[in-house]
1. Find how much the distance from Ile309 to Asp259 grows on full extension, using 0.36 nm per residue of separation minus their present alpha carbon separation; answer in nm with one decimal.
2. Among the lysines, which fall within straight-line cross-link reach of Lys229, defined as a Cα-Cα distance under 23 Å, with same-chain neighbours fewer than 8 residues apart omitted?
3. What number, in percent, do you get for the relative contact order of segment 1-72 if the mean sequence gap of Cα pairs under 8 Å and at least 6 apart is divided by its residue count?
4. Rg (Å, one decimal) plus Dmax (Å, integer) for the alpha carbons of the chain?
5. Residue by residue, what Karplus-based ³J(HN,Hα) values in Hz, rounded to whole numbers, does segment 115-128 have, using 6.51, -1.76 and 1.60 with θ = phi - 60° and x for Gly and Pro?
6. I need the fraction of alpha carbon pairs in segment 277-353 separated by more than 17 Å, rounded to a whole percent.
7. May I ask you to derive the relative contact order of segment 118-231, considering only C-alpha pairs under 8 Å and at least 6 residues apart, and to give it as an integer percent?
8. Nothing charged except the Cβ atoms of Lys and Arg (+1) and of Asp and Glu (-1): what's the magnitude of the dipole of the chain about its Cα centre? Round to the nearest 20 debye.
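No lab work stands behind these numbers, since they all come straight from the coordinates. Just so it is clear, the structure is predicted and the values come from calculations on it, not from any experiment. Counting neighbours? That spans all protein chains shown, and the Cβs are built from the backbone with ideal geometry, glycine included.
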Amino acid sequence: MAASNLYPAESLKSFAIALLKAAGAPLDNATIVADALVEADSEGLPSHGLLHLPMYLARIAGGSVDPRATGEIVVDQGARLTIDAGNGLGQVTAEKACDIAIARAETHGLALAAVRKAFHFGAAGRFARRIARAGQIGIVMANTRPMLPALGGTEAVIGNNPLAIAVPTNDEPVVLDFAMSAGALGKIRLAANKGEPIPEGWAQTTDGLPTRDALEALKGTLLPAAGAKGFGLALMIDLIAGGLSGGGMGEAVQPLYGDMARPYDSANLFLAIRIEGLRPPAEFAAAASGLAGRVRASRVAPGAAPVRIPGDRAAQARSRFTGHCPLARETLEALRSHAGRLGVAVPEALAAT
């Protein structure tokens with residue numbers, strides 16, 4: 001069974017930057033990716049953290065990811081634009097798309113950036129929150145390779161296609177961030193690494209039978225959250241993100257852990273909505289804060305945990321952060337292996353077994 005140890009976040013970040021630089025990424029690109037991955041681990045979201053870095057490095061070596069790419073605007077209609085990510089590191093092109101959308105929304109009232117030839121960008125909520133911290137409403141979506149069957153089907157036809165919505169308040173933004181599968185693929189992969197079962201209702205076997213075996217789940221299909229509702233949302237995200245960007249849709253999007261030489265070909269969409277002009281931003285933030293506070297203060301059922309709203313768990317994790325992140329030993333071993341291949345020194349804090 002896999003185990004995790006605590007490691008200094010700064011050591012993890014500097015190690016990730018060094019590995020990405022040695023693989024060919026400029027310092028700016030390497031820093032953006034390392035920040036995003038370590039932030040996910042620090043927020044208790046390892047399914048979007050450094051777990052993926054060995055795969056990133058393998059894809060760079062395989063030629064399916066260009067670590068130098070930053071994305072290029074190929075269609076520009078002011079409030080609407082398309083960015084060709086050039087198979088660059090996903091966090092890099094996602095951050096660029098967010099910043100462009102924010103700036104264009106200040107001019108046009110709202111802005112939509114569709115991204116094609118994109119790569120895995122980690123947690124969608126990070127980028128919706130980036131827009132909300134600029135005082136705008138942020139909506140982010142992406143498609144993935146097919147993982148969900150249609151209701152009653154056994155064949156994966158649609159990705160679990162994450163959606164994030166972030167709204168500014170007087171404090172931390174309210175951030176909704178979820179994929180359309182009942183359980184995240186990263187969490188199933190972690191369970192498989194640890195030899196642990198997954199909850200019921202998360203996946204089915206290749207024959208369409210329910211399973212709690214994480215390895216069988218990885219061979220089979222994930223099940224949509226809330227049945228037809230989750231499947232319908234996943235389908236619409238694929239149609240919108242893939243359709244508007246002119247990027248990959250459905251089976252055109254490749255498995256992340258498949259052929260390392262074949263581009264992932266995901267599609268993303270970033271929407272920024274300026275509040276000013278519709279309503280004074282301070283008034284909007286106060287109203288949002290009031291409703292959020294009312295929900296948090298609502299009566300709790302006997303034995304239930306305190307009420308939270310979307311984004312609270314991550315915000316609480318950030319407030320409790322001590323400077324150390326848990327990391328699975330298998331992930332660290334994989335990173336050490338890449339360090340040996342790339343000629344990168346392992347930081348002393350990460351060298352001990």
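1. Details: separation 50, 0.36 × 50 = 18.00 nm, distance 3.87 nm.
The span from Ile309 to Asp259 would gain 14.1 nm if fully extended.
2. Lys187
3. Details: 52 pairs, mean separation 22.2, N = 72.
Dividing the mean separation by the residue count of segment 1-72 yields 31 percent.
4. Using the Cα atoms of the chain, the pair Rg, Dmax is 20.1, 57 Å.
5. Coupling constants for segment 115-128: 10, 10, 6, 9, 10, 3, 10, x, 7, 4, x, 4, 7, 5 Hz.
6. On the way: 2012 of 2926 pairs.
Taking all Cα-Cα pairs of segment 277-353, the fraction more than 17 Å apart is 69 percent.
7. Working: 244 pairs, mean separation 25.9, N = 114.
After rounding, I find 23 percent.
8. Dipole about the Cα centre, nearest 20: 440 debye.
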